[in-house]
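The values are calculated or read from the model by the stated rules, or taken from the named source; none is laboratory data. Every value quoted in this text rests on a predicted model; they were computed, and no experiment measured them. Counting neighbours? That spans all protein chains shown, and the Cβs are built from the backbone with ideal geometry, glycine included.
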Amino acid sequence: MAERNRVEVAEYKWPEPERRRLIGTRVSRVDGPEKVTGRAKYTYDVNRPGMLAGKILRCPHAHARIVRLDTSAAEKMPGVRAVLPLKKVGDEILWAGDEVVAVAAVDEPTAEDAIRAIVVEYEKLPHYVLDTDPKAAGERARPTAEQIEGDPDAAFREAEVVVEGVYGMPLITHCCLEAHGSVVEWEGENQVLVHISTQAVSGIAGQMAGPLGVPASNIRVKQDHIGGGFGSKFSPDSWGIAAARLSKMAGGRPVKIMLERDAELMVAGARPSYYGRVRVGAKRDGTVIAWESETWGTGGIPPTSALPLPYVLRIPNQRKRHIAIVTNSGPARAWRAPLHPQACLLTMAALDDLAAELRMDPLDLLLKNIGLAGERADVYREELQIAAELMEWKKKWHPRGDPSPGPIKRGLGVSIHTWPGRGHACRCDLTIYPDGSVEVKLGSQDLGTGTRTAIAIVVADTLGLPLDAVRVRIGDNQYPPAGGSGGSTTIGGVSSAARRAALDALDQMFARVAPLLNAAPEQLEAWEGRIRVKGDPSRSIAWEQACARLNGMPLTVRGENPGPGELTTAGAAGVQMADVSVDIETGIVRINKMVAVQDCGLIINMKTAESQCYGGMIMGISYALFEEKILDPVTGRMLNPNMEFYKLAGLADVGELVVHMMTGEKYDRRGVIGLGEPPVISPGAAISNAVANAIGVRVPFLPLTPDRVLDALAKKGGSHARV
Amino acid sequence: MRAFEYVSPTTKEQAVALLASKWGETEVLAGGTDLLALMKDDVVRPRRVVNIKEIAELRGISFSPRAGLRLGATATLEELLAHPDVARHYPALVQAALGITSPQIRNMGTIGGDLCQRPRCWYFRAGFGLLARDETGRSLVLEGDNRYHAILGNEGPAYFVNPSSLAPALIAYGARLRIFGPRGTREVPVERFFRIPQTEAEREYDLQPNEIVTEVLVPPPPAGMVSATYEVRHREALDWPLATASVALVLDGGRVRSARVVLGQVAPIPWPSPEAERALVGKTVTTEVAQAAADAALQKARSLGKNGYKIQLARVAVRRAIERAVQEGAR
Ligand SMILES: Cc1cc2nc3c(=O)[nH]c(=O)nc-3n(C[C@H](O)[C@H](O)[C@H](O)COP(=O)(O)OP(=O)(O)OC[C@H]3O[C@@H](n4cnc5c(N)ncnc54)[C@H](O)[C@@H]3O)c2cc1C
């Protein structure tokens, strides 16, 4: 900023440890009481005057062509206000659940009746939903170019030990507890108001403008709270656009379309499946020198891309192939740390099998090869040691196969992961009012991670004020634009922008009060509700008195990210360990304990940082043991689009969870790094490895259900074959 | 959900008069934990719903050493768990009810509703009917995904599994159902209440559309009886068991004088196993004897393709239920 011409770039930095009263401490969420008392309003709770209920007719077939479409009966029904075909005769449908017609009616039952009154005839076409066997997929298997690094052939010849295994995880769905959806209304000819459950408050208007033919500037987007997104809520979605169109057809009346639970699971989320045959070559001392992988999997119609393999460890000689299988299932969406959980399992399970073959402790194998992790090798080394202590690894670990008698076998597994997480582009306006109150506004959103609280912490600490002195306003695209909450970029973006705004605002305050304190502005500091002269606390002025000097005119300062000073960087490193019990008579896996040791640079709020790790582990336990989007080979439909057979872990399933966050000068120095995604990456691999350690054989595929565990035990070795 | 008429009679005579004589037109409403889901999913479409919770004589649980246990049809699962005599004399019933791991469902769900709840087969719940056939008549279960389907009594045409956790325990105790209809009261052993439907028009239990279950009568526990339920479940959180077994053994000087072994979640009906019972009678229960009974119980089991693992799980459930009954009975 121009006024800040005396300041060199280096001054935009995070406060030293002794200057932090809130940053890095355990602060409860500012919106916690609102949430636990039910006062917090989610999009689902938005009910506007005169609102209509929108419903969507979905195609029951996985592949079909529409040969007849007759909406006339629905249009004539009393209470029906708009009927909007989303497909026409001749259109091809490529997955079960795709949208065919949208209707708006005075209430939900009427809308449902209208849906049932619509006549659609389909010509059924052959569908394909299998993804585990690329050979069976025929022309639906799309190989991508082979990638080679170093000299894999020579390295495999040189290797003294080679292991080969098959690993993978199926399609799963996001299963947001607040379904996708929006409430849209036209306020006059050219003005649209959108309440939407979204991860990108500032990004929605631009996506709706084209389809609606309205300038983005005329589209107002709001959201106070969201009930989960996990990467699946960046777009208004076809049903959001449909809600807007229906509203227009109905004379502007608000139309609410929130997906039903089955639709939510069928069409609004999918993490692609990935499977792979992996070979790893090593020296007898455990030095890993060669990698080869052939992977395959599906994300629906658009072909999946190759995985970042081998994961974290840059094995010098590699050959990789990927085959994307195109299937008739709904399109994939980013799922918390896209591609990483899959790449992590394929790599960490293969290394664990290598350790078993070498009769080495997998922790020692990781430590031996950790140099391949590059820049963060030291962090991993430190984290592995801390995790081992918290897990009592050396005391509890045994070679593969629990020798103790009885059906319950216990085992340990370890995995490491990484994530970039640099802060996104973000702007915020910070206003100091003459009465001393402070407000921050930005078009961001709180994905459930505690964004409001983090912003308040940064601003309060910078201005030397208590937390409740700062009012954070987000969730409105009339505020300065902020990036979408994806890629764990929010904390770095909002905290950096807020820090810069607060530093600049403080400079202006210093300039105003310096004469009163007989000091130069750069001699001042803000501390515990006062502005004072550094080194001479007797010369000070209370914050409110200082603000009274604003002469009745609020002071507003814009903060931006990126900007001067390095407040956010990329590259979080984490380690997780799992302790499981497996009943080898039933194949049931229970989690005894999990340990997460995680780095994310400078921690703004210790409490919500730990929360992310707890949540990540719980979500990870869920996909490791339970989750699967089961597609029926016969009908092509999802068989479990409900909360009863789409199984999520409950509290009784998660065992003891231990979190340790890395802190200290070395971590602070790197600035703020995102944390939303990293802790969900390792659970699949750590748990799979723990199960192999317990029962003596690898269960190749997640989720680790009784049938898969019993099958691996019966085959005495699952996929882990010696070569 | 489609619109419907709601009625709330206060006597069983009124209730029966309000029920239609054809399936599909009316439905009985108890706790509603299953019926509401069926209606929302458009699997049943009653034009009238008859609430039976206002009928006083359908409520309550009572026990006397002479008459045994009387469970009113609308007594809740939570009331069952809370009753001290049930816990003391019928542990297999309590262990079965504990497996329904949601307090919300146990607070609302009733004993009659647990017995009359409809199968969870995902083809049935998606609107393909109890026999789960597509428009060409082929069985979706046989051709599709049958990982949770029947391993016993699965010669067809039905392949779903009976979902009730209470039924196997009640059968093991020799319980009877009292049913009220236009022609008055009749009694049926719980064991004979369930049946495998042969056509889409039949229900999976022996009720007329205008009959209601009014109570369950469990005989007093014979001297020397030990009993238990064991269920194999994937999730600890609310989940359906993959296989269960309830057993009631009458021991005489350490030997089994008589035995009832009933499996759940394995067949379209709760599945009593006379084979297992024969393997137990006259023996002292050891691990080998329990294992032999378990093997006998599953001898005729058959995989439909993806549910073979359930045979092993059911075997474990039978063995562990027998062992549990004997161990806990000895305390
Ligand atoms: C996720 C989940 C997991 C579950 N797990 C289990 C489990 O492990 N084991 C288990 O046993 N159950 C389980 N349940 C099912 C639950 O126990 C039943 O939904 C409940 O017992 C039904 O009782 P209700 O009174 O609510 O029945 P309602 O929903 O009112 O009725 C169910 C059916 O029975 C009929 N009906 C009810 N009462 C009578 C009567 N007196 N006479 C004639 N017909 C009648 C109704 O017409 C309806 O068709 C689970 C449910 C869910 C949602």
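Structure notes:
- If the condition is being within 14 Å of chain A (Cβ to nearest Cβ) and basic (K, R), then the range B:137-178 contributes B:R138, B:R147.
- Annotation note: of B:A73, B:A56, the sole residue that is away from chain A (no Cβ under 14 Å) and loosely packed, with under 14 Cβ neighbours inside 10 Å is B:A56.
- Test result for B:R120, away from chain A (no Cβ under 14 Å), within 15 Å of the ligand (Cβ to nearest atom) and basic (K, R): no
- Where a residue in the range A:236-264 is more than 12 Å from A:E189 (Cα to Cα) and its partner, wherever it lies, is of a type outside the set (G, A, S) and in a helix (DSSP H, G or I), with Cβ under 6 Å and at least six apart: A:P236/A:I204; A:P236/A:Q207; A:P236/A:M208; A:I241/A:P211; A:A244/A:L212; A:V255/A:L246; A:I257/A:W239; A:M258/A:Y44
- Residue list for the range A:600-638, restricted to those being more than 22 Å from A:I588 (Cα to Cα) and of a type in the set (S, T, N, Q): A:N605, A:T608, A:S611, A:Q612, A:T635
- Counting only strands (runs of 3 or more DSSP E) that sit wholly inside the range A:383-501, those with at least 1 residues that are touching a helix residue (DSSP H, G or I) at 6+ places or on another chain (Cβ under 7 Å) and of a type in the set (F, W, Y) are A:408-419.
- Selection within the range B:47-57 - in contact with a strand residue (DSSP E or B) (Cβ under 8 Å, 6 or more places away or on another chain), more than 12 Å from B:F4 (Cβ to Cβ) and more than 9 Å from the ligand (Cβ to nearest atom): B:E57
For (1) at positive phi; (2) surrounded by 16 or more Cβ atoms within 10 Å (Cβ to Cβ); (3) in contact (Cβ under 8 Å) with a residue 60 or more places away in the chain, each residue gets a yes or a no:
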position: B:P268; (1), (2), (3): no, yes, yes
position: B:A279; (1), (2), (3): no, yes, no
position: B:G282; (1), (2), (3): yes, no, no
position: B:T287; (1), (2), (3): no, no, no
position: B:Q291; (1), (2), (3): no, yes, no
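- Pairing residues of the range A:414-427 that are within 9 Å of A:Y311 (Cβ to Cβ) and touching a residue at least 12 places away in the same chain (Cβ under 8 Å) with residues that are assigned to a strand (DSSP E or B) and among the β-branched types (V, I, T), at Cβ distances under 7 Å and at least 6 apart in sequence or on separate chains, gives A:I416/A:V575.
- All positions within the range B:14-46 that are among the charged types (D, E, K, R), touching a Gly at 6+ places or on another chain (Cβ under 9 Å) and more than 7 Å from the ligand (Cβ to nearest atom): B:D41, B:D42, B:R45
- Scanning the range B:104-115 for residues that are away from chain A (no Cβ under 13 Å), near the ligand (Cβ under 6 Å from one of its atoms) and surrounded by fewer than 22 Cβ atoms within 10 Å (Cβ to Cβ) yields one hit, B:M108.
- Residue check: B:L166 meets all listed conditions (1) free of Cβ contacts under 8 Å to residues at least 24 places away in the same chain; (2) under 30 Å from A:G655 (Cα atoms); (3) outside the structural domain of B:P274 (by TED's automatic domain parsing) but one, namely (1).
- Comparison of B:E215, B:E236 shows that the only residue that is within 16 Å of the ligand (Cβ to nearest atom) and modelled with pLDDT under 95 is B:E236.
- Every condition in (1) within 14 Å of chain A (Cβ to nearest Cβ); (2) surrounded by 18 or more Cβ atoms within 10 Å (Cβ to Cβ) holds for B:Y205 except the one numbered (1).
- B:A132 of a type in the set (G, A, S) and either under 17 Å from B:Y205 (Cα atoms) or within 16 Å of the ligand (Cβ to nearest atom) (or both): no
- Matching residues, the range A:616-670, being closer than 30 Å to A:G571 by Cβ, among the polar types (S, T, N, Q) and either assigned to a loop (DSSP other than H, G, I, E, B) or more than 13 Å from chain B (Cβ to nearest Cβ) (or both): A:T663
- Hits in the range B:206-218 - residues which are among the acidic types (D, E) and assigned to a loop (DSSP other than H, G, I, E, B): B:D206, B:E211
- Unmet criterion (only one of (1) in a helix (DSSP H, G or I); (2) within 16 Å of the ligand (Cβ to nearest atom)) for B:Y148: (1)
- Residue count, the range A:486-512 (criterion: without any contact (Cβ under 8 Å) to a residue 60 or more places away in the chain and within 16 Å of A:T462 (Cβ to Cβ)): 2
- Within the range A:12-27, none of the residues are in a strand (DSSP E or B) and of a type outside the set (A, V, I, L, M).
Okay, residues lined up against (1) crowded, with 18+ Cβ neighbours inside 10 Å; (2) in contact with a helix residue (DSSP H, G or I) (Cβ under 9 Å, 6 or more places away or on another chain):
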position	(1), (2)
B:L166	yes, yes
B:I179	yes, yes
B:A201	no, no
B:T214	yes, yes
B:P221	yes, yes
B:V226	yes, yes
B:E231	yes, yes
B:E236	no, yes
B:L251	yes, yes
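- Taking first residues from the range B:20-45 that are within 14 Å of chain A (Cβ to nearest Cβ) and partners that are modelled with pLDDT under 95 and within 6 Å of the ligand (Cβ to nearest atom), the Cβ contacts under 9 Å between residues at least 6 apart in sequence or on separate chains come to B:A37/A:E644.
- Residues of the range A:394-450 satisfying the condition of being in contact with a Phe, Trp or Tyr (Cβ under 6 Å, 6 or more places away or on another chain) and not hydrophobic (A, V, I, L, M, F, W, C): A:G436, A:K441, A:G443
- Residues being away from the ligand (no atom under 11 Å from the Cβ) and part of a loop (DSSP other than H, G, I, E, B) - total across the range B:189-205: 8
- Filtering A:E656, A:E677, A:E665 for residues that are farther than 30 Å from B:Y123 by Cα, surrounded by 24 or more Cβ atoms within 10 Å (Cβ to Cβ) and out of contact with any Leu (no Cβ under 8 Å at 6 or more places or on another chain) leaves a single hit, A:E677.
- When B:A96, B:A92 are checked against the criterion of being crowded, with 23+ Cβ neighbours inside 10 Å, under 15 Å from the mean Cα position of the chain (by Cα), away from the ligand (no atom under 11 Å from the Cβ) and in contact (Cβ under 8 Å) with a residue 24 or more places away in the chain, a single residue qualifies: B:A92.
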